[in-house]
Amino acid sequence: MTEQATARQAVLLITGGGRGIGAATARLAAQRGYAVAVNYTHNAVTAEQLATEITASGGKAIAVQADVADEAQVLCLFATVDAQLGPLTALVNNAGVVDMACRVDAMSVARLRRMFDVNVVGSFLCAREAVKRMSKATGAINFGVGYGQGGGIVNLSSAAARLGSPGQYVDYAAAKGAIDSFTVGLAKEVAAEGIRVNAVRPGLIETDIHASGGLPHRVAELAAMVPLQRGGSAEEVAQAILWLLSADASYTTATVLDVTGGR
Ligand code: NAP
């Protein structure tokens, strides 16, 4: 157990935690002593298996279904975490989607709305609910004993925010650019209330997200362009996320940390 998990167990909610970067983060968080809420939207089996795996290893975890783009479902998600794990101390806004590679002049409004609803609005809604619970100014007043102790939020951005992703998904890149601005603004808004807000900007990471954009071999195809000459692993991103949440990063807020192999 770390210092984070001493008196009252630290509670971490990770959106889209059933697979990929989210699952690696959930596993590492459990090893570091967090009780973990693993949110998913479609893949109940992988999320439930992960929660079972963490529990079997002596940790505490629950799997909770919710579409982060749906406000009512986000409210239910946070109410479930309140009821089953107690006061939230850490949020990782990890749920994210890409779409099939195409140019901007071929993008439908339905695609654009989904891209921004899941990647941006979902992150805002979850951060809003987390801040209400964590804020030293209002948390205890709003939610009762144990709340209002401060906390940490890490948003998943992407190197795409810098690169623009031309010909693939400029919409995704723009959504992640919004996450960078959101991170800096929210961090400054809540810093005096005991909440640190940072983002991690992964580069090419080996997960299923590339196949969901119709480019299953994307990491292998682009690896030579990475200064470190390879794609990254979900575990390498998880290490950065957990560092930003930890007391070791106590003077770090409003920061966007590249985990890109130098790209
Ligand atoms: P992934 O393997 O495709 O997993 C995405 C996760 O998000 C899944 O758990 C999925 O849940 C969840 N999700 C999708 N839509 C959701 C919604 N509306 N509500 C709740 N959960 C939802 O992706 P990943 O590669 O691990 O990416 C994680 C984050 O890192 C994303 O924000 C992504 O943009 C970012 N990122 C990834 C890379 C990369 O190269 N992999 C690079 C830069 C940034 P289900 O399992 O239920 O579908």
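The values are calculated or read from the model by the stated rules, or taken from the named source; none is laboratory data. Note that the structure is a prediction, hence the values are computed from the model and not measured. Counting neighbours? That spans all protein chains shown, and the Cβs are built from the backbone with ideal geometry, glycine included.
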I'm trying to understand the selection: among the residues of region 104-146, which are more than 16 Å from the ligand (Cβ to nearest atom), assigned to a helix (DSSP H, G or I), exposed (fewer than 15 other Cβ atoms within 10 Å of the Cβ) and among the hydrophobic types (A, V, I, L, M, F, W, C)? 104, 106, 109, 141
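Residues checked against (1) modelled with pLDDT of 95 or more; (2) among the hydroxyl-bearing types (Ser, Thr, Tyr); (3) surrounded by 20 or more Cβ atoms within 10 Å (Cβ to Cβ):
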| position | (1), (2), (3) |
| --- | --- |
| 176 | yes, no, yes |
| 195 | yes, no, yes |
| 207 | yes, yes, yes |
| 212 | no, yes, no |
What about residue 75, is it under 30 Å from residue 160 (Cβ atoms) and more than 14 Å from the chain's Cα centre (by Cα)? yes
Within region 36-61, the residues that are crowded, with 24+ Cβ neighbours inside 10 Å and within 16 Å of the chain's Cα centre (by Cα) are 36, 37, 38, 39, 40, 47
Scan region 163-186 for residues that are at negative phi and either hydroxyl-bearing (Ser, Thr, Tyr) or within 11 Å of the ligand (Cβ to nearest atom) (or both) and report the count. 9
Taking region 218-231 as the region of interest, how many residues are surrounded by fewer than 15 Cβ atoms within 10 Å (Cβ to Cβ) and within 13 Å of the ligand (Cβ to nearest atom)? 3
Can you tell me which residue among 33, 59, 18 is of a type outside the set (Lys, Arg), modelled with pLDDT of 95 or more and on the phi > 0 side of the Ramachandran plot? 33
Quick one: residue 101 ticks every box in (1) out of contact with any Phe, Trp or Tyr (no Cβ under 9 Å at 6 or more places or on another chain); (2) farther than 23 Å from residue 198 by Cβ except a single one, so which number is it? (1)
